[in-house]
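Readers should treat all values here as calculations from the given coordinates under stated rules, not as data from a laboratory. Because the structure is predicted, anything quoted here is derived from the model rather than measured. Methodologically, a virtual Cβ is constructed for each residue, glycine included, from the backbone with ideal geometry; neighbour enumeration extends over all protein chains shown.
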Amino acid sequence: MRLKINVAFFLNFILLLSLYTYFYIIHLPRNISDPNYLGIPIAISFFSIILLLIIGDFNDKRFYFIGYIIFYFIVLLAEIVFTIIRYPSISSIDTIKYSYSYLIIISYFVFSICAQKNFKSFLKLIIYFADIAIIIIMLQAFFYNKTGIFFLNNNYFSDQMGIIDVRNFGIRLIGTYLIDFTSVISIGLLFSKQKYISSKILLINIFLTVMYELVSAQTRSMQLIVGLVFAVSIQFIDLKNKFIKIIVTILMGMLILYLGIEIYGNISGAIASKGDWSYYHRIDEINLFWKTFENSPLFGNGLIPENFLSTFYAGNALANIYYSDVGIIGLMAKNGIMGLMLYIVPLILVIKEIKYNNRNRGIMIAIFVAIFASMLNLSLFDNPRLVVLPLYFAIIDAVKKGSDNFYG
C-alpha cells in the first residue's frame, strides 16, 4: 500500500515538473519551451493513468467530475468535426494537431488520485512547486536587472524574435499560470474552517505570489483575479486566530490601496489614450468576434489556430487577432455556446459545493471566483491555462471525499 502511495506522488511530481518546464533551468528547444506546448505533460498523464490502473490506485476513488470530462470530450470531438467540415482548406491533421492540447484534461485523474490518497502531501507538493518557481524567476529577474546575465531558458520567456519584455520594474518574466492559480488555493485554504496544512505555508505562498506578480510577471489581469479572490474569501477567516486576522487585515488594506490606484490609472489611461491603436484594436476585435458568434452561435469559429484568423478575417483588415484579448467574447467566437458551456458547468458544480460544504466553503468560493473572473480576460481554455481546471477538480474531489482519507 505504501508503494502505491509513493507511485502516485512520484507521478504527480514528474507531471508538475513538466508543467513547470523543469523550473526553466534546462535550455530546451523553442518548440518544447513554448508555454503553449503540452505534449510532454499529456504523454506523462497518459502513462501515469495506465500505470495507476495497473497497480490498482483507481480502486475506491471518487471522480466527481467524470461526467464533465465525458461532456468535455464530446464537445471537443464535435468541435473537431465541425472544423474539418467548415474549413476544407485546412487539413484534418492540422486541426487535430491544434486540438491535441485539450487532452491535458486527463491530468485530472492523476492529480485526483494523489489528492485523495494524501491531501496534505498533495497540497504541499503543488504549493512548494509554485514557491520554488517564484524564487528562481525572481532571482533571474534580479540578476538580469543588475548584471544583464540571463541563466534560465530564454526560449520560454522570450517571443519568436528572442526578445523579452521590459516593464516598470525591469525585465518581465512570466512563468506558468499554475503559479498564480496555486495562490488561489492557498487563499481558499487559509479562509476555510477545515485546516489541512500550516497557515505559515499558505501565507508564504501568498506573499511570494504577490511579490512575483508585482515585480516580475506584472500581469494586471492576474493581479485583479488574485485580489478579487482575496477580497471575497476574507469573510471566511477564522476570527479566533488573531495573528492571521492582523496579517490579513494589513494585507487587505495594502491590496485595496494598490487596486484602487491601478483601477484609477487604467481608467485615466483609457480616457487619455483613445487615439491609440491598441484601444481601437480591442473595440474592433470585440465587434468582429461578436459578429462571428452571431453567425455561428453553436460552435463559433471552431478549432483553428489564431494565425489563421487574419486570413479568414482578411476583409476586416485586422492583424494580430487574439481570442484572449477580449475574454469571454473571444471564447464565444472560438467555440460558441459549446465552449461557453464548458465554462458554465464547472461553475454550477462548484456552487453546489459552496452550498452544502460549510467547513470547506472558503476553498470552494476561492475556486469559484477564480474560474468566474478568468472569463473576463484570462480564459482557462487557452493553452497556458488548460491545466488549471484539472487541478481544481482534483482539489474538490479530495475535499468532497471526506477528512477520514486526507492523510493517507
Which order do the peptides 35-47, 221-233 take when ranked by the mean count of other beta-carbon atoms within 10 Å per residue, highest first?
221-233, 35-47
Around Leu378 (Cβ within 14 Å, Cβ-to-Cβ, excluding Leu378; K/R +1, D/E -1) the net charge comes to -2
In the stretch 134-178, the chymotrypsin sites (Phe, Trp or Tyr not before Pro) that sit in a DSSP loop and have at most 12 other Cβ atoms within 10 Å of their own Cβ are Phe169
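Can you flag which of Lys291/Lys352; Lys124/Lys193; Lys117/Lys195 are past 24 Å Cα-Cα?
Values: Lys291/Lys352 34 Å; Lys124/Lys193 18 Å; Lys117/Lys195 17 Å.
Beyond 24 Å between Cα atoms: Lys291/Lys352.
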Between the modelled labels at Arg167 and Ile74 (7 Å from Cα along Cα→Cβ) the distance in nm is 4.0 nm
Relative packing of 103-112, 208-217, 192-201, which averages over residues the other C-beta atoms within 10 Å, highest first
103-112, 208-217, 192-201
Calculate one ³J(HN,Hα) per residue across the stretch 329-338 by plugging θ = phi - 60° into the Karplus curve 6.51 cos²θ - 1.76 cosθ + 1.60, and present them in order as whole Hz with x for glycine and proline.
5, x, 4, 5, 5, 6, 10, x, 4, 4
Straight-distance crosslink candidates among aspartates and glutamates, where the alpha carbon sits under 15 Å from Lys200 and sequence neighbours closer than 8 are dropped:
Asp131, Asp238
Table column - 3J(HN,Hα) (Hz), the stretch 195-206, Karplus curve with 6.51, -1.76, 1.60, x for Gly and Pro:
9, 10, 9, 4, 5, 5, 4, 5, 5, 4, 4, 5
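Can you give the FRET efficiency to the nearest 0.05 for Ile50 and Lys291, using r as the Cβ-Cβ distance and R₀ = 51 Å?
Numbers: r = 45 Å, r/R0 = 0.88.
In this case the efficiency is close to 0.70.
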Binned at 10 Å from zero, the C-alpha pair distances of the stretch 184-230 give percents of 28, 50, 20, 2
Taking every pair of alpha-carbon atoms in the stretch 1-134, give the share separated by more than 20 Å as a whole percent.
55 percent
Amide H partners (placed H, <5 Å) of Gly300, local residues excluded:
Gly336, Ile337
